[in-house]
Amino acid sequence: MRKHMSVLLSLALIASMFTGCAKQTTANSTTTAGAEATQKEIATKVVQGDDTIPNAAKERANAANTLVVGMSEVKGDFMPVYYSTNNDGQVCRLIFDTLYTNNDKGEFVVPKLAESYELTNENKTYTFKLKKDVKWSDGKPFTAKDVENTFLIMADKAYDGRYVTVVDKLAGYEDYRDGKAATLAGVKVIDDYTIEFNMKSANVTNFANVADFPVMPAHIYPYTKGNVQPIKDKMAKAEFIGTGRYTLVKFVPKQYIELKANPNWWGGKVNIENMIIKFTTADNQFQELQAGNTDIQTHVAAKSENESQIKDIGFVSTNIYPGNSYAYLGFNLRDERLADVKVRQALTYGFNRQAFMDLYFNGNGTVTNAPISQVSWAFTNDINKYEYSAETANKMLDEAGWVMGSDGIREKNGKKLSFVWDTYTDSKYVETLIPMLKADWQKIGVKVEPNLMEFNALVEKVYTKREFDMYNMSWALSVDPTSRDIFHSAYDIPDGNNAVGLRDAEIDKLSVEAEEEFDQAKRTELMHAYAKKINEVLPYLFIGQNDEWDLSNVRVKNLKVSPYCDWTYFIESVELAQ
């Protein structure tokens, strides 16, 4: 959760998502090392639609050369240094490229703007050889100066985006940020096609930070120390120039995005000339597919009700894979009521998460108890399951001194266990969750009232203003499971990922140690200890992980998705059959 984060905020289980051009993994770890027997397979299963029945999309006026993708609404912040939601990140990934990225198995072996790299200086220096003759979409040449400029923006004291974690491990970061140094020691241009990153210390996440961050052109987004406003102004005007597969033609808020193949893309010609990203909801996504108005629909809830609608359409295939994500309810730990770990644990015991997962996902999801996906090598089942027990929850609240009031709401020192739960509109997931959570917590003397708003407004309320009792979202995770920037004390800042305000010395220590350990077996031990501690402290009420369903019209060929690659990763290979 994706600030450049090991994860990106998402509604992967619901509607709109936070996360896209997220960092993925390191060159030193794989997704299989240290795996337990409970780790899920990462293979994608495809349930093919019927290609013999009438297909409305084939009759669309622009069908032959236009792919229409349905997904939930974006914010419109497609700038690499400023995007924050997963959907914005996916658009970013179409327009901008990174030096390296991962394949569908989570192996970080795919060169993009770089042709190779070398790791030296006791795993602290990364030297990238860049591809020559790469051009920006406006025809200007791509060089190492563009890479340098991108990282200087994020290292500046005036930078107010979410990706400080990308640059704060670079040598000389603090001196550059605070104006004590005119140059950033951690980024060095050797020549036009060679760039070197020097890190403060060896860390397994360093490679992903520098290699998998989208590069911006210096001639379009010139950086002047202490002034990032011109870059934000260009984002507001939707001025995006990249080296990616597509260029932005038009963005109409709340309606659609129009893109066109980049004629200067270094990888050659993409198969589909035009792309429309149409904003859909759970209420209209199937109608749009049925009518042939969309060819792909991302993130459809994996439940039997939706399965029957897919079968009714007939000409739609279902791409099924285990989600590298989890849904949660976040507690504001600055609230003295929720600062008590016994209250948080009682609230977790007091909600029947298994009943919710069974009802909504009908066997296509599982309850989770830690911030690690079941497809990860770091996953462990050796933690407290917090199985539903109103009796246990009531006992814990009694022991914590919360007395049942005459109105059925517990109280202590003049305060009541009555909370406002900030959540989002346009989601069948939330519609199911609201009555179940309210009813279960009422049984233990806790009142909760949902406050519904648009997802982007919720993001601002939680992460920028940090004015909430509790809220629910999801994290779309990266390949590497470390999540220091979510729970470490250093990121308990406005627009930091640690919006709940967790401050725990042991979690801080374990999250740093897990990133600095290059031995995979030792990393696995550290990550298991980290998961257990998070499971004990419970900054979140962890809800569940589910299978992902991406739907595609049978005319869409070569669509590749996996827990580690969304639909944008291999979009250049997708073809449209007529």
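Residues of the stretch 339-364 that are part of a loop (DSSP other than H, G, I, E, B), open to solvent by 10 Å² or more (accessible area, probe 1.4 Å) and modelled with pLDDT of 95 or more: Ala339, Asp340, Asn352.
Conditions (1) β-branched (Val, Ile, Thr); (2) in contact with a strand residue (DSSP E or B) (Cβ under 8 Å, 6 or more places away or on another chain); (3) modelled with pLDDT of 95 or more, marked per residue:
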residue	(1), (2), (3)
Trp266	no, yes, yes
Val270	yes, yes, yes
Ile276	yes, yes, yes
Leu289	no, yes, yes
Thr298	yes, yes, yes
Ile310	yes, yes, yes
Gly314	no, no, yes
Leu329	no, yes, yes
Arg337	no, yes, yes
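Here's the yes/no breakdown for (1) open to solvent by less than 10 Å² (accessible area, probe 1.4 Å); (2) outside any loop (DSSP other than H, G, I, E, B):
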site	(1), (2)
Asn472	yes, yes
Asp485	yes, yes
Asn497	yes, no
Leu502	yes, no
Glu506	no, yes
Lys509	no, yes
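For first residues located in the stretch 380-401 and surrounded by fewer than 13 Cβ atoms within 10 Å (Cβ to Cβ), partners that are at pLDDT 95 or above and small (Gly, Ala, Ser) and lie 6+ apart or on another chain with Cβ distances below 7 Å do not occur. Of the numbered conditions (1) in contact with a helix residue (DSSP H, G or I) (Cβ under 8 Å, 6 or more places away or on another chain); (2) among the β-branched types (Val, Ile, Thr); (3) surrounded by fewer than 22 Cβ atoms within 10 Å (Cβ to Cβ), Ile493 satisfies every one except a single condition; which is it? Evaluating Ile493 over (1) in contact with a helix residue (DSSP H, G or I) (Cβ under 8 Å, 6 or more places away or on another chain); (2) among the β-branched types (Val, Ile, Thr); (3) surrounded by fewer than 22 Cβ atoms within 10 Å (Cβ to Cβ) leaves (1) as the failure. For the stretch 65-110, a tally of residues being at pLDDT 95 or above, out of contact with any helix residue (DSSP H, G or I) (no Cβ under 9 Å at 6 or more places or on another chain) and assigned to a loop (DSSP other than H, G, I, E, B) returns 3. Residues in the stretch 304-334 that are assigned to a loop (DSSP other than H, G, I, E, B) and surrounded by fewer than 17 Cβ atoms within 10 Å (Cβ to Cβ): Gly314, Arg334. Among the residues of the stretch 534-554, not a single one is touching a Leu at 6+ places or on another chain (Cβ under 9 Å) and open to solvent by 30 Å² or more (accessible area, probe 1.4 Å).
Look at Thr568 and say whether it is open to solvent by less than 30 Å² (accessible area, probe 1.4 Å) and either more than 18 Å from the chain's Cα centre (by Cα) or closer than 30 Å to Arg334 by Cβ (or both). No. The numbered conditions (1) more than 28 Å from Asn274 (Cα to Cα); (2) open to solvent by 30 Å² or more (accessible area, probe 1.4 Å); (3) not small (Gly, Ala, Ser) are all true for Glu73 except (1).
Of the strands (runs of 3 or more DSSP E) lying entirely inside the stretch 200-303, those carrying at least 1 residues that are of a type in the set (D, E, K, R) are 246-252, 256-261, 274-279.
The values are calculated or read from the model by the stated rules, or taken from the named source; none is laboratory data. Predicted, not measured: the structure shown is a model, and the values here were computed from it. Positions of Cβ are backbone-derived with ideal geometry, glycine not excepted, and every protein chain shown enters the neighbour counts. Just the protein is used for accessible areas: all its heavy atoms, side chains included, with ligands, DNA and RNA removed. Shrake-Rupley method; radii C 1.70, N 1.55, O 1.52, S 1.80 Å.
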